[in-house]
Each structure stands twice: as structure tokens, then as C-alpha cells.
Amino acid sequence: MDKKIVLTGDRPTGKLHIGHYVGSLSNRVKMQNQGLYEMYVMIADLQALTDNARDTEKVRNSVLQVALDYLAVGLDPEKTTIFIQSQIPALSELNMYYLNLVNVARLERNPTVKAEIKQKNFSRSIPAGFLTYPVSQAADITAFKANLIPVGDDQEPMIEQTREIVRSFNGAYGNVLVEPEGVFPPNGQGRIPGLDGNAKMSKSLGNTIYLSDDEDTLRKKVMSIYTDPEHIHIDSPGKVEGNIVFTYLDIFGKDKEKIQELKNHYKRGGLGDVTLKNYLFDVLNEVLLPIRTRREFYSKNPDAVYEMLKKGSEKANLKANKTLLEVKEAMGVNYFK
Ligand code: TRP
């Protein structure tokens, strides 16, 4: 039987953080190492440009940073084709055809896009490319005939919209495209809160821990985490619910018994925030140390990283061009023999 195809990616607008790690990177590495899938991971620079058209420098730099983050978490170019979206012309061509199968009202209803429009205060001056990026994402996914899309929970609407486009296309032109399915993070880890207690960890809110943070930075950030604002004296009882230190321990800690003990102690009183945070630092550092070490190794040789991306993009082009031909054939947009 043919292997199932996995396609996924990230917008390069900065470095990746531990939210990305639990939300999707760890699933991708796991799937890669199962050896059961044909794996593609894409750096979505075209999508990043939809709201950064005047900051191409940021996007360009972030492409390398995201590639380093991928290698650092253990994506292996021998097992996973890592490539750059803009270097695959077929994706833009497919996007042109699919744009005609979607209406503006449907795009405006996409919950993730809707939330972003609000967050970025776009209103009616939204770049057209931004409003339509879910269509471009459908092109990414269908170009590879991907079956499985490991992403964070916020990407569910993109996959739903892709499925609709696949159904419209196949209904209109014949069965060419494949309906994908999302692979989402384990329960409760889809959205990890920020250091400040904000529901979302995000670069724009400045409340993240990057995979690339060094030990000092990590320690400072851990010490700044929102705990229980009413827990002023070590001896008084503290709250565990809504306490971000415990949220992170639940996600990253392996020693569940010890964490339960700490929770009981904190609730009882007598466990200080600094002691607790020192433990969280150890837990996080154990996860991040190998990632940081690999990242430092690869960042010494950016030329090799670009070479890897070039090879990956060549491979991705072969696959996407094949689908594009089938699409044009099905639509009758093929004029010459
Ligand atoms: N939308 C994703 C993000 O916000 C990036 C992305 C672009 C993507 N194309 C994709 C993810 C295709 C999965 C599949 O980071």
C-alpha cells in the first residue's frame, strides 16, 4: 500500500516557540520517526507576506530561523522534505484556479481569519491576499495530495475550507484532489497560555519562550511567569488553577507524581514561587537543551541549511507539478500536446 502523505508548515514571521512545539512540531517529529508517511514540511513565506508585504526582510530572515527550528526539534531532511513555499510555482497556479471556487462571504466566515482581521485591525483595508490565504493553503495541501495535516487547533478552519474546495473542484471537474484530515495536539495542549497568563502564547504579545532561548533567558522568563497574585507569603495557601507554572508543568513535566505533590504542597501553603519555578526551569531546560544544542550546531552553517532547503524544494516541485498537470487536464486548461 502507498504511504499516506503528510503536509504541513509554518509562516516564517519569527522564531518558533514552545507553543509551536507542543501544538504541532512534536506531532510532526513523531510522525516522521514512525516511518509510515511520506512527509513534507513547508516554510510558508507566501502566506507570511500576505500581511508583511512591506517587511520582506523579516520574512526572509525568518525563513532561515524556522528552518533552524525544524532541524533543531529533530526534523530530518533524509526523512522529511523541507521546502520553501515561494519556490514552488505550482502552488501559486493552483491558487488562481481555486480562487474561483470560493466566495468572499465564505472567506469572511473563516473563524481564524476573522479573529486575525480583528486582532490586526484590518477592517476593510485587509490585503486581498490575506483574506484569501486559506485558498492558497488549500493549494499547498492539495498539491501534495496530502492525507494528514499535523497543525495546531487554530488551523482546523483551514483544513475544513480545504475540504470544501476539494469537494467543489472534484464535483466540477472530476476526482483529482484528495480531502485532507487534521492531526491535532493532545487534549489541552492545543493552545498553551503565555508567560503573562494571556490565553495565547504569541510573538506579538511578547509572552513566549523560544526554542532558541539560551539558559539565562529561559531562567529569566520562567521567573517572570504569572502565578497566583495573591500568594504573597510562602506560608499561605496558593492557587493551582490558572497558575501558569502548573499549566506548563502539566504539559512538559514527566514526573506526574512529583507534580501532584507540588500542587498539594502549594495549596497547603509553605511552597514558595521561587522554589516552584526553579523546578519548572529544570523541566523546561531538559526539553530545550537538546533542541538548543542542535540549533547551535546548524546555525554555524547557514549555507548547508539553504542547500538542504534547495534540495527539498526541488523534490517538492516534482510532486506539485504533477498535480498541477492533472488539475489543468481535468479543467481543460491544456492546449498544447
Ligand atoms: N497557516 C499555517 C500557519 O499559520 C501555515 C501553513 C501554510 C500551512 N500552508 C499550510 C499549514 C499548509 C499546514 C498546511 O502557520
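The values are calculated or read from the model by the stated rules, or taken from the named source; none is laboratory data. Treat the numbers as computed from the prediction; the structure is a model and nothing was measured. Glycine also receives a Cβ, built like all others from the backbone with ideal geometry; neighbour counts cover every protein chain displayed. Just the protein is used for accessible areas: all its heavy atoms, side chains included, with ligands, DNA and RNA removed. Shrake-Rupley method; radii C 1.70, N 1.55, O 1.52, S 1.80 Å.
Of the residues 41, 63, 6, 29, which is modelled with pLDDT of 95 or more, more than 15 Å from the ligand (Cβ to nearest atom) and closer than 25 Å to residue 162 by Cα? Can you show your working first?
Numbers: 41 fails: more than 15 Å from the ligand (Cβ to nearest atom); 63 fails: more than 15 Å from the ligand (Cβ to nearest atom); 6 fails: more than 15 Å from the ligand (Cβ to nearest atom).
Matching residue, one of 41, 63, 6, 29: 29.
Going residue by residue through the stretch 209-232, is there one that turns out to be acidic (Asp, Glu), closer than 15 Å to residue 277 by Cα and at pLDDT below 95? Quick ask: steps written out before the conclusion?
At the first step, the residues of the stretch 209-232 found to be acidic (Asp, Glu) are 213-216, 228, 230.
Add one more test, that the residue is closer than 15 Å to residue 277 by Cα, and what stays is 215-216, 228.
Retained after the next criterion (residues that are at pLDDT below 95): 228.
Looking for residues that are acidic (Asp, Glu), closer than 15 Å to residue 277 by Cα and at pLDDT below 95, one finds at least one in the stretch 209-232, hence yes.
Could you pull out every one of the helices (runs of 4 or more DSSP H) wholly within the stretch 132-223 that has 1 or more residues that are touching a residue at least 40 places away in the same chain (Cβ under 8 Å), polar (S, T, N, Q) and within 16 Å of residue 95 (Cβ to Cβ)? Steps first, please.
Working: elements: 133-143, 156-173, 215-223.
Per the criteria, 133-143, 156-173.
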Matching residues in the stretch 23-46 - criterion: being touching a helix residue (DSSP H, G or I) at 6+ places or on another chain (Cβ under 7 Å), open to solvent by less than 10 Å² (accessible area, probe 1.4 Å) and assigned to a helix (DSSP H, G or I)
25
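Quick one: would you say residue 106 is in the same structural domain as residue 144 (by TED's automatic domain parsing), away from the ligand (no atom under 16 Å from the Cβ) and open to solvent by less than 50 Å² (accessible area, probe 1.4 Å)?
Values: in the same structural domain as residue 144 (by TED's automatic domain parsing): yes; away from the ligand (no atom under 16 Å from the Cβ): yes; open to solvent by less than 50 Å² (accessible area, probe 1.4 Å): yes.
So residue 106 fits the description; yes.
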So which of 154, 140 ends up being within 11 Å of the ligand (Cβ to nearest atom), of a type in the set (Asp, Glu) and crowded, with 22+ Cβ neighbours inside 10 Å?
140
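Go over the candidates 220, 239 one by one and state the one that is closer than 22 Å to residue 291 by Cβ and either open to solvent by 40 Å² or more (accessible area, probe 1.4 Å) or aromatic (Phe, Trp, Tyr) (or both). Working first, answer last.
Values: 239 fails: closer than 22 Å to residue 291 by Cβ.
Every option except 220 fails the conditions.
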Can you name every residue in the stretch 27-71 that is among the small types (Gly, Ala, Ser) and without any contact (Cβ under 8 Å) to a residue 60 or more places away in the chain?
35, 48, 62
What is the residue count in the stretch 115-134 for residues that are within 13 Å of the ligand (Cβ to nearest atom), over 28 Å from residue 36 (Cα atoms) and either open to solvent by less than 20 Å² (accessible area, probe 1.4 Å) or of a type in the set (D, E, K, R) (or both)?
3
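Within the stretch 205-231, work out how many residues are of a type in the set (A, V, I, L, M, F, W, C) and touching a His at 6+ places or on another chain (Cβ under 9 Å). Break it down stepwise before answering.
Residues of the stretch 205-231 that are of a type in the set (A, V, I, L, M, F, W, C), as a first pass: 205, 209, 211, 218, 222-223, 225.
Narrowing further to those that are touching a His at 6+ places or on another chain (Cβ under 9 Å): 209, 211.
The number of residues fulfilling the criteria is 2.
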Cβ-Cβ under 7 Å pairs, at least 6 apart or on other chains, the stretch 279-305 side touching a residue at least 24 places away in the same chain (Cβ under 8 Å), far side open to solvent by 80 Å² or more (accessible area, probe 1.4 Å) and assigned to a helix (DSSP H, G or I):
281/219; 285/215
Taking the stretch 72-115 and the residues there that are free of Cβ contacts under 8 Å to residues at least 40 places away in the same chain and among the acidic types (Asp, Glu), the one that is nearest to residue 157 (Cα to Cα) would be 108
